[in-house]
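Presented below is the structure to which this report refers.
The values are calculated or read from the model by the stated rules, or taken from the named source; none is laboratory data. Source: prediction; values computed, not measured. Here the Cβ positions follow ideal geometry from the backbone for every residue, glycine too, while neighbour counts run over all protein chains shown.
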Amino acid sequence: MNLILFFLSFLLNANSCDNNILNLAKNLEKDSQNNLQNISNELNKFDILFSSTCFKNLNDNEVISLFDIFYKISYKNERGVGILRKIFFEKYKRKLLSESDKNYYKQIILINRDFVKARELISYFPDILKLPKNIEEPNSNEINYLVYDIKDLDEMVIKKLNIENGKHIVIVSAFSCGFSEKLLDDIFTDEKLRKIFNNYGIVLFNDFSPQSLLFTKLHYAFKDIYLIYKEKSFKDFKLNVFPSIYFIKEGKIIKQIEGNSENLLEEFKKIALDNGYNDYLNTNKYFFYEKCKLLLENKTLISQDKWINFLGDIEVYRGVVKRFDLDFVVKNFTDDTARICIYSQLTPLSKEKKQITSQKSFRIQEFKKYFKDDDYIKIIESLSINRGKILGLERNFSIIMSLLEKDKKYILCELFGDCDK
């Protein structure tokens, strides 16, 4: 039946609000799947008609059905979020809310970057979400290529990417995508690609997680990593296929790779070199993002005994960190940046994590028997660890070199990954 007839019927017969509103919602759901643009006006009408009177005429199962329908609609059309909110709090009032409902609603309001509703949700459920104190909003209706830049966890700043000018390589990624993580690892560990990407590269995330974004910036040391403002800010990009790579010149996409493939890195490198993205290699400029303190400097934040025990409890396999006590970091380092820095320094790149998953690891404290007590503490406090790799010692390396030859070889191999000497 035509939607307009439903609305007329609804207005003329308010007593049968329950039947009309459910039928209308189901029709809107079908229409949203076929034509996203044309349902906006219908959603506005629905929002006006959807009053508290209607809720009184709906039983619990009908309210639950409406929530499911408008979750699907709101995922594709932000005009449905206001209606979803009404249904959400009706479920809350009736004590029908599940943990899944909270997470679904949180997901929708974050996808639509509706931080007013997000703060309202936090006021009811304080542990459900953590937002930066200051979140900047655009100062105009022009939202093309808008992103959020995050320097710390207190502030998100709006920035317009200058994609219309010059050359760019844009990677659309997701925090939970292993293929995306591997691609960034491969770029980071390839000297030529790292230099190219630090000049031309932009990494975009659509899933909202300021903490994950800051960790990613610190972990990979790429300068241009952002959260997308809204999906419609990047209309020509596929934001649900990971990783997607776009090669852009003067605002036009000249080449693109969508999704993972066996030869993804080789294809990436070939397109970059064939299309002039290697001209930057002839310059001496090189950007490296670094904001973290050295690992050993963080010991000043807690007692020496706690710090030594924490480091000693780290499990390693041939110079790569396999496990560390994340709960300890969370509980003892209240500063978000310090916590993320430690996490970044102790977490290896995905390729190395995969290689050591099934290997037998050792706790660092198991090497204590090779040293005098004072020497062991000196070694622990001198460890230089970055991105999950034990690079060596900041000082006191003579202690290692003074050991018996067989003990020295064993420690150089198992603790530092130097198994050739």
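Restricting the stretch 95-112 to residues that are at pLDDT 95 or above and in a loop (DSSP other than H, G, I, E, B) leaves a set whose member that is nearest to the chain's Cα centre (by Cα) is Ser98. The set of residues from the stretch 152-161 being modelled with pLDDT of 95 or more and part of a loop (DSSP other than H, G, I, E, B) comprises just one member, Leu161.
Of all the residues in the stretch 118-133, those that are under 17 Å from Pro210 (Cβ atoms) and part of a helix (DSSP H, G or I) number 4. Counted as qualifying within the stretch 312-421 are the helices (runs of 4 or more DSSP H) with 2 or more residues that are modelled with pLDDT under 85 and surrounded by fewer than 16 Cβ atoms within 10 Å (Cβ to Cβ), namely 326-332, 350-356.
Taking the criterion of being of a type in the set (D, E, K, R) and more than 17 Å from Tyr410 (Cα to Cα), the residues of the stretch 346-371 that qualify are Lys351, Glu352, Lys353, Lys354. Can you confirm whether the stretch 201-215 contains a residue that is buried (at least 17 other Cβ atoms within 10 Å of the Cβ), of a type in the set (Gly, Ala, Ser), closer than 18 Å to Lys159 by Cβ and in contact with a helix residue (DSSP H, G or I) (Cβ under 8 Å, 6 or more places away or on another chain)? Within the stretch 201-215, one or more residues are buried (at least 17 other Cβ atoms within 10 Å of the Cβ), of a type in the set (Gly, Ala, Ser), closer than 18 Å to Lys159 by Cβ and in contact with a helix residue (DSSP H, G or I) (Cβ under 8 Å, 6 or more places away or on another chain). Can you give me the number of residues within the stretch 134-151 that are surrounded by 13 or more Cβ atoms within 10 Å (Cβ to Cβ) and either of a type in the set (Gly, Ala, Ser) or assigned to a loop (DSSP other than H, G, I, E, B) (or both)? Number satisfying all stated conditions: 5.
A Cβ distance below 9 Å, combined with a sequence gap of six or more or placement on separate chains, defines the contacts here; from the stretch 385-411, residues that are assigned by TED's automatic domain parsing to the domain that holds Lys353 and in contact (Cβ under 8 Å) with a residue 24 or more places away in the chain reach residues that are assigned to a strand (DSSP E or B) and of a type in the set (Lys, Arg) in the pairs Gly388/Lys322. Here Ala118 fulfils each of the conditions (1) among the small types (Gly, Ala, Ser); (2) crowded, with 19+ Cβ neighbours inside 10 Å; (3) not assigned by TED's automatic domain parsing to the domain that holds Arg85 apart from (3).
Of all residues in the stretch 262-290, count the ones that are modelled with pLDDT of 85 or more and within 22 Å of the chain's Cα centre (by Cα). Matching residues across the stretch 262-290 total 2. Residues that are touching a strand residue (DSSP E or B) at 6+ places or on another chain (Cβ under 6 Å) and under 16 Å from Glu231 (Cβ atoms) within the stretch 164-182 comprise Val170, Val172, Ser173, listed in sequence order.
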